[in-house]
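> I am attaching a structure below and will ask some questions about it afterwards.
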Amino acid sequence: MQSMRIVAIPTETAETVRATLEAPVYGFPAHAEVARDDAPCRHCLRTFKPGEERRILFTYNRFAGIETLPEPGPVYIHADACPRYSEDAGFPEELRGSPRTIEAYARGRRLLAQEYVVDGKFEPAIEELFARQDVDYLQVNSTTAGCFTFRIERPSHP
Ligand SMILES: [Zn+2]
C-alpha cells in the first residue's frame, strides 16, 4: 500500500497551456522550445530528452486548487500530450537522483518545516513530515532551480 499520493499538475491545465500557449489565470505568454536539459515535465513527471523532446515553459500557481493565496512560478510540461503521473505510483524514480526540497504546509499556506534531500532517500523524510499532525500536505521543489515539481498528499483511503 502506498503511503503517499503524488499529485502532478492537472491534465486540464496541461491541455489548456498546449492549446493556448498562455499561462492559465495569468495569461502570460508561454514559451515552446526543444528541451535543452533534463528538467522534469510537471504532468508526467518524466525528465525531458535534451535535443529531442519539445517542452512548454509557463507560469503556474503551485497552490492552485488547495489555497486561496497564489504563488506563481515557472514550470515545464511536454509540448505534446503525455500521460499524467499516476497518483499511487510512489515517488517518481526519474527524479530520485536530483536534489529536491520537501516543504510541509498546514492549510492557509503556513510553512511548517522543510527537508533538503540529496541522497535520493525521499520516503523517510516524507514519512517523518506526514507523522506530524499539523502537516496537511507537502510540496516538492527543485533545490537547485527552486521551481515547483509536484505536491504530495496523504493517501485518501488509508
Ligand atoms: Zn510530460
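The values are calculated or read from the model by the stated rules, or taken from the named source; none is laboratory data. What you are looking at is a predicted structure, and each value in this text was computed from that prediction instead of being measured. Using ideal geometry, Cβ is built from the backbone for each residue, glycine included, and neighbour counts are taken over all protein chains shown. All accessible areas refer to the heavy atoms of the entire protein, side chains included, with ligands and DNA or RNA removed. Shrake-Rupley method; radii C 1.70, N 1.55, O 1.52, S 1.80 Å.
> Can you list the residues, at least 5 places off or on another chain, whose amide H is less than 5 Å from the amide H of T149, using H built in the peptide plane?
Residues meeting the amide H criterion: V140, N141, S142.
> Given Cα pairs under 8 Å that are at least 6 residues apart, what percent is the relative contact order of the chain?
Details: 338 pairs, mean separation 38.7, N = 158.
Result for the chain is 24 percent.
> Determine the shape class of region 1-81: with a ≥ b ≥ c the square roots of the Cα gyration tensor eigenvalues, call it rounded for a/c under 1.5, and otherwise prolate if a/b is greater than b/c, oblate otherwise.
Values: a/c = 1.98, a/b = 1.14, b/c = 1.74.
Note, shape of region 1-81 comes out oblate.
> Mind checking the angle between helix 11-20 and the chain's longest principal axis? C-alpha axes, 0 to 90 degrees, to the nearest 10.
So the inclination is approximately 20 degrees.
> At 4 °C and 1.567 mPa s, what whole-number value in µm²/s does Stokes-Einstein give for the translational diffusion of the chain, with Rh from the Kirkwood sum over Cα pairs?
On the way: Rh = 16.0 Å.
D = 81 µm²/s.
> Convert each backbone phi in region 138-143 into a coupling constant with the Karplus relation 6.51 cos²θ - 1.76 cosθ + 1.60 (shift: θ = phi - 60°), then list the ³J(HN,Hα) values in order as whole Hz, x for Gly and Pro.
Karplus values, whole Hz, x for Gly and Pro: 10, 10, 10, 10, 6, 6.
> Let me ask you something else. What does the charge count near E12 come to, summing +1 for each Lys or Arg and -1 for each Asp or Glu among other residues with Cβ under 12 Å from its Cβ? Could the numbers behind the result be given before it?
On the way: positive: R18, R84; negative: E15.
Net charge around E12: +1.
> Over the chain, give the accessible area per residue in Å² for a 1.4 Å probe, as an integer.
Values: 8230 Å² over 158 residues.
About 52 Å² of surface per residue is accessible.
> Oh, and also: So for region 1-147, taking the charge dipole from beta-carbon charges (+1 Lys/Arg, -1 Asp/Glu), which of T68, T101, T143 sits furthest toward the positive end?
T68
> Please report the orientation-averaged projected area of region 72-144, defined via the convex hull of its C-alpha atoms, in nm².
Details: hull surface 24.1 nm².
The orientation-averaged projected area of the Cα hull of region 72-144 comes to 6.0 nm².
> Something else: Hey, got the dipole for the chain? About the Cα centre, +1 on K and R Cβ, -1 on D and E Cβ, debye to the nearest 20?
For the chain, the charge dipole is close to 180 debye.
> A further question on this structure: Roll a 1.4 angstrom probe over the protein heavy atoms and tell me the percent of accessible area of region 52-104 that is carbon or sulfur. Walk me through the intermediate numbers first.
Details: 1310 of 2450 Å².
Accessible surface attributable to carbon and sulfur in region 52-104 totals 54 percent.
> Taking DSSP loops as anything outside H, G, I, E and B, show the longest stretch in the chain free of trypsin sites (Lys or Arg not before Pro) there with at most 11 other beta carbons within 10 Å.
The longest such stretch corresponds to 37-106.
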